[in-house]
Amino acid sequence: MSTTQTTARAPMDASWEDLVTSALLGTDRRPLTAESGDPAGPAALLDLAALHTVRRRAALRPAIGAAPPAPAPADPRPPLPAAARRRLAQLLADRSAPPGGGRRGTAPDLTELIPQWLASAEAHGYRAPAELLPALLDAARARTDLRTHVLAFAGPRGLWLAGLNPEWRFALRATARGAHRPDTTDPEAVRRLWADGLFAERVALLGALRERDPGAARSLLAGTWSTERAEDRLMFVDSLRAGLSDADEAFLEAALTDRSRNVRATAAELLSGLPGSALAGRMAARATTCVNPDRTGDALAIAVEAPHECDTGMERDGVVAVPPSGHGERSWWLGQLVEATPLGVWCERFGGRGARELVALPVADGWGGDLHAAWCRAAVRQRDPEWARALLGTPSTPPANGPGTASLAQRSTLLSTLPPAERSLWVADFIAAHGLSEAFQLLGVCPVPWEGPLGRSVVDALDIARDAGSYPWSFSGVMGLAERCLNPAEAGRLDVLTTTPAEPEGASPGAGGYWSEAFQRLVSTLRLRAAMDAELAPGAD
């Protein structure tokens, strides 16, 4: 190699082979031409060889550097306490570990605690650590149940980061909770964001504007409605659920003719939640031709004559003509008409009787199940607690003998319309009367943590199940819920259950040991949750 020194920069597009040849023959005999047009010396050759080496190791071809991304937006929320930051890193690292398989043992399942940790961090208003944003977005990509909490916790910087990696694109469409809350007082900024923003930013903008000026929000949406994609129109029309009022009726009526069936169905559902809307009136008129008082017997009953066809008017109002597998057409159409009819119509139709009296009336010709199921859906849709109480009945009554519905799925949705304290008390009484075997779905709608009567009922029922001598597998679902939902303060009361009891006569072999293991895991999980809460408390540093 020549010893002639030059500072001219070698050409960026020189190949590795050219560099090797010039190095072996010398830059005097095999010169490289620099970007300036002058011969490149040995120093420039070595600089370029070093650059090539790095790029070869990174599997990249030499290229002109890309423009750096725009800086991440500021996130003014306070940072996590140090102990909570370490705990989050531990939870996310454990999520990536391969499953152990086999028996769960006595150690808490950390992956099941991530949603609860995220909800607590969000409630305290903390900012996600920047170094953990990639792991958080990876976790949300793998588990859809984490997305809402992750995106809210990750905030605007998480959304910014998601825009740089195609694998995290889900975050740009998943929810508006992580989007920066826009300033809706500047009309020009609103127009620009609505025209050019990411989907999540546009949903956040629509929600924020709707809170301040519902009419302006509808005008904004109407201005681009015809050019939006069907899936976007569905999300936008669904966003009208918050703050729904009679002023939305005209827009929703127009959406009943949308090209997308899902948009039409959502618009119809929202309109049926407005008792004074034209759609609610049309559905009530149809339903009351099908369901009427029957006074032909000694006592009042309910006569049902389900529709014989689904006409175009019904379809325009959101009635789906083709039933799912296992449903008859007439019962399917009847259910949709009654579901969309304001519940107050039935009280008027039956002489001012209340919900409990109506639910208790006999229904002719075996239509009771269909009618009560439709009333259940109507009570949930219209958020009517009086009808929900009537259809639930008393918790001590066996589900099969209840006044409204025997379906645990329907009972759980009805419970969701009751105030949280009343909901917990109803489920506590249900467990006290019937045990845990049918309580899993009902427990899922109770507020967390389970406190007072509900917590005591669950623990007592688990104790009774253990004493019965069966294996705990039948209660693994409830036990898993208890680990996440029982008040951590219950840990001390559960200590006595962690010992291995003497097996009663007729008990399943080894059941006592398995129950002891399950209770040890429950207690250790509750104590871990208590530690997590303490780490997240303000001023924990």
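Brief remarks follow.
Residues checked against (1) open to solvent by 40 Å² or more (accessible area, probe 1.4 Å); (2) of a type in the set (D, E, K, R); (3) modelled with pLDDT under 90:
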site: R169; (1), (2), (3): yes, yes, yes
site: L193; (1), (2), (3): yes, no, yes
site: A216; (1), (2), (3): no, no, no
site: L220; (1), (2), (3): no, no, no
site: D232; (1), (2), (3): no, yes, no
site: S260; (1), (2), (3): no, no, no
site: R264; (1), (2), (3): yes, yes, no
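- Taken over the range 33-50, the residue count meeting the criterion of being modelled with pLDDT under 85 and open to solvent by 60 Å² or more (accessible area, probe 1.4 Å) is 5.
- Applying a threshold of 7 Å to beta carbon distances and a minimum spacing of six or more residues, or different chains, the list of pairs starting in the range 186-210 at a residue that is farther than 15 Å from R229 by Cα and ending at one that is surrounded by fewer than 18 Cβ atoms within 10 Å (Cβ to Cβ) and among the acidic types (D, E) reads A189/D183.
- Of all residues in the range 295-340 being of a type in the set (S, T, N, Q) and surrounded by 12 or more Cβ atoms within 10 Å (Cβ to Cβ), the one that is farthest from G281 (Cα to Cα): S331
- Qualifying residue in the range 419-436 (condition: open to solvent by 20 Å² or more (accessible area, probe 1.4 Å) and β-branched (V, I, T)): no
- Residues in the range 103-139 that are in contact with a Gly (Cβ under 9 Å, 6 or more places away or on another chain) and assigned to a helix (DSSP H, G or I): E112, L133, L136, L137.
- Those helices (runs of 4 or more DSSP H) of the range 243-325 in which at least 1 residues are closer than 21 Å to R210 by Cβ and out of contact with any Asp or Glu (no Cβ under 7 Å at 6 or more places or on another chain), considering only elements entirely within it, cover 249-255, 261-272.
- Filtered by the rule that a residue be in contact with a helix residue (DSSP H, G or I) (Cβ under 7 Å, 6 or more places away or on another chain) and either buried (at least 21 other Cβ atoms within 10 Å of the Cβ) or farther than 22 Å from S272 by Cβ (or both), the range 374-397 gives A374, W375, C376, A378, A379, W387, A388, A390, L391, L392, P395, S396.
- When A63, A107, A59 are checked against the criterion of being modelled with pLDDT under 85, surrounded by fewer than 17 Cβ atoms within 10 Å (Cβ to Cβ), aliphatic (A, V, I, L, M) and under 30 Å from A511 (Cβ atoms), A107 stands alone in meeting it.
- All conditions but one from (1) more than 33 Å from the chain's Cα centre (by Cα); (2) under 24 Å from L274 (Cβ atoms); (3) aliphatic (A, V, I, L, M) apply to V338; the one that does not is (1).
- Only listed residue being at pLDDT below 85 and under 20 Å from P453 (Cβ atoms), chosen from R493, R484: R493
- For the range 121-138, filtering for residues that are open to solvent by less than 30 Å² (accessible area, probe 1.4 Å) and either closer than 22 Å to L172 by Cβ or in contact with a helix residue (DSSP H, G or I) (Cβ under 9 Å, 6 or more places away or on another chain) (or both) leaves 8.
- Taking (1) under 31 Å from the mean Cα position of the chain (by Cα); (2) under 19 Å from W346 (Cβ atoms); (3) touching a residue at least 60 places away in the same chain (Cβ under 8 Å) in turn, I302 satisfies each apart from (1).
- Options R381, R389, R411, R423; residue that is touching a Pro at 6+ places or on another chain (Cβ under 8 Å), under 18 Å from V359 (Cα atoms) and of a type in the set (D, E, K, R): R411
- Among residues of the range 1-27 that are at pLDDT below 85, those with a Cβ under 8 angstrom from a residue that is open to solvent by less than 50 Å² (accessible area, probe 1.4 Å) and among the β-branched types (V, I, T), sequence gap 6+ or separate chain, pair up as M1/T27; S2/T27; T4/T27.
- Applying the condition of being part of a loop (DSSP other than H, G, I, E, B) and open to solvent by less than 40 Å² (accessible area, probe 1.4 Å) to the range 66-102 and asking which residue is modelled with the lowest pLDDT yields D75.
- Against the test of being among the small types (G, A, S), open to solvent by 30 Å² or more (accessible area, probe 1.4 Å) and more than 17 Å from A428 (Cβ to Cβ), the options A511, A468 yield a single qualifying residue, A468.
- Restricting L522, L486, L494 to residues that are touching a strand residue (DSSP E or B) at 6+ places or on another chain (Cβ under 7 Å) and open to solvent by less than 70 Å² (accessible area, probe 1.4 Å) narrows the list to L486.
- Within the range 341-359, considering residues that are among the charged types (D, E, K, R) and part of a helix (DSSP H, G or I), the one surrounded by the fewest Cβ atoms within 10 Å (Cβ to Cβ): E348
- Considering residues of the range 275-293 that are among the small types (G, A, S) and open to solvent by less than 20 Å² (accessible area, probe 1.4 Å) only, the residue nearest to V345 (Cα to Cα): A284
The values are calculated or read from the model by the stated rules, or taken from the named source; none is laboratory data. On a predicted model such as this, the values are computed, not experimentally measured, just so you know. Please note: Cβ atoms are built from the backbone with ideal geometry, for glycine as well, and neighbour counts cover all protein chains shown. Just the protein is used for accessible areas: all its heavy atoms, side chains included, with ligands, DNA and RNA removed. Shrake-Rupley method; radii C 1.70, N 1.55, O 1.52, S 1.80 Å.
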